[in-house]
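Taking it in order: structure first as structure tokens, then the write-up.
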Number of protein chains: 2
Amino acid sequence: MKLTSKGRYAVMALVDLARFDNINPVSLRDISLRQGISLDYLEQIFSKLKKNEIVKSIRGTQGGYVLNKNPNDIKLTNIFHAVDEKVKTVQCKKESKKGCNGKSTKCITHNLWDELEIHINTFFENKSLKDLLNNNKEKRV
Amino acid sequence: MKLTSKGRYAVMALVDLARFDNINPVSLRDISLRQGISLDYLEQIFSKLKKNEIVKSIRGTQGGYVLNKNPNDIKLTNIFHAVDEKVKTVQCKKESKKGCNGKSTKCITHNLWDELEIHINTFFENKSLKDLLNNNKEKRV
DNA sequence: ACATACCTGACTAAAATGGTCAAGTTTAGA
DNA sequence: TCTAAACTTGACCATTTTAGTCAGGTATGT
Ligand code: FES
Ligand code: FES
């Protein structure tokens, strides 16, 4: 089970953004330099964050991105959902009655993985961008 | 974040094994048929489970595998560790002082991922094979 | 005008995944 | 003793996913 870079970078970039967007929009170039993330990759990520209304974009010189919501209302779940970082512990299709083995009932561990998925998602639902900001106050410029 | 087949199959196979090993050793062929898992793949998995002393093997005709411990003492952690299904949420090396971005300090989200890792591992530490057996009693033959 | 910064889509090298295949060795039971 | 069941080991491989890169755009403040 591992977290992918896409999810990790998305959160990292948003924390950075949240720290600096008080006055001006923040350019991806700045985030790229500060956090050591490829600019081209960041653009892919922010395209999705924008589609999901987590950030707003401002084009042109001095442009950049700004949060579209209160940091308290941006949960990790929202971020992960936006960049398609999904938690998948079962192999079967959840809606179907069929199991992962092609049989007509769910496998003997299905419930376990379902529990696990809920357990992990709970973590993401309870963490907001605000929580992460408080954690890093001392680093604020 | 997804669970790999190796980990999922390992647990699935052990639950199956635990249910049937009361009297005789259970052959991988039986597990393969009952659970719909490739026999060759199971062999790889059980080789690791054996090395980690979770199961014992009995060779020859009528041979098979038997649990090497009480189901209550086999936690998911042990199983996952045995088959190298590890939870990895950070990108950096934990021991190092360096961050995932090549910089000299940990990145701004490092602590978050660390928390997440602990959160997930806690789930695995608290679940034993015994718990899974009880859950499936009604299916016992 | 022009530099800055967003926007979009195609492309790809490398790694991980989820197995298969081949060639054994051991042992119970006929 | 012969044979088939079942464990043992290691190499191999197709496909998918990941983690980006690259090459073009378009919008806009100064
Ligand atoms: S994981 Fe859902 S049936 Fe096996
Ligand atoms: S994840 Fe550890 S430094 Fe970024």
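The values are calculated or read from the model by the stated rules, or taken from the named source; none is laboratory data. Every value quoted in this text rests on a predicted model; they were computed, and no experiment measured them. Backbone-built Cβ (ideal geometry, glycine too); neighbour counts: all protein chains shown. Keep in mind that these areas ignore ligands, DNA and RNA; they rest on the heavy atoms of the full protein, side chains included. Shrake-Rupley method; radii C 1.70, N 1.55, O 1.52, S 1.80 Å.
Of the residues in the range A:1-40, how many are in a helix (DSSP H, G or I), near DNA strand C (Cβ under 9 Å from one of its atoms) and among the hydrophobic types (A, V, I, L, M, F, W, C)?
The number of residues fulfilling the criteria is 3.
What is the residue count in the range B:67-81 for residues that are surrounded by fewer than 17 Cβ atoms within 10 Å (Cβ to Cβ) and either of a type in the set (A, V, I, L, M) or within 16 Å of ligand 1 (Cβ to nearest atom) (or both)?
Qualifying residue count, the range B:67-81: 0.
Mind checking which residues of the range A:1-27 are within 13 Å of the chain's Cα centre (by Cα), more than 8 Å from chain B (Cβ to nearest Cβ) and touching a residue at least 40 places away in the same chain (Cβ under 8 Å)?
A:Lys6, A:Ala10, A:Leu14
Would you point out which residue out of B:Ile54, B:Ile58, B:Ile37, B:Ile31 is open to solvent by less than 90 Å² (accessible area, probe 1.4 Å), more than 9 Å from DNA strand D (Cβ to nearest atom) and touching a strand residue (DSSP E or B) at 6+ places or on another chain (Cβ under 9 Å)?
Exactly one residue qualifies, and that residue is B:Ile54.
Which count do you get for residues in the range A:82-123 that are open to solvent by less than 20 Å² (accessible area, probe 1.4 Å), modelled with pLDDT under 95 and of a type in the set (Gly, Ala, Ser)?
Final tally of qualifying residues: 1.
Can B:Gln35 be described as polar (S, T, N, Q), over 15 Å from B:Lys75 (Cα atoms) and either more than 10 Å from chain A (Cβ to nearest Cβ) or out of contact with any helix residue (DSSP H, G or I) (no Cβ under 6 Å at 6 or more places or on another chain) (or both)?
No.
Report, ordered by the first and then the second residue, all pairs with beta carbons closer than 7 Å, sequence separation of six or more or different chains, a first member in the range A:79-93 that is within 7 Å of chain B (Cβ to nearest Cβ), and a second member that is near ligand 1 (Cβ under 8 Å from one of its atoms).
Pairs that qualify, where the first residue is within 7 Å of chain B (Cβ to nearest Cβ) and the partner is near ligand 1 (Cβ under 8 Å from one of its atoms), are A:Thr89/A:Trp113; A:Gln91/A:Cys100; A:Gln91/B:Arg8.
Checking the structure you have, find out if any residue of the range A:82-102 is of a type in the set (Val, Ile, Thr), within 28 Å of B:Gly99 (Cβ to Cβ) and not in a loop (DSSP other than H, G, I, E, B).
no
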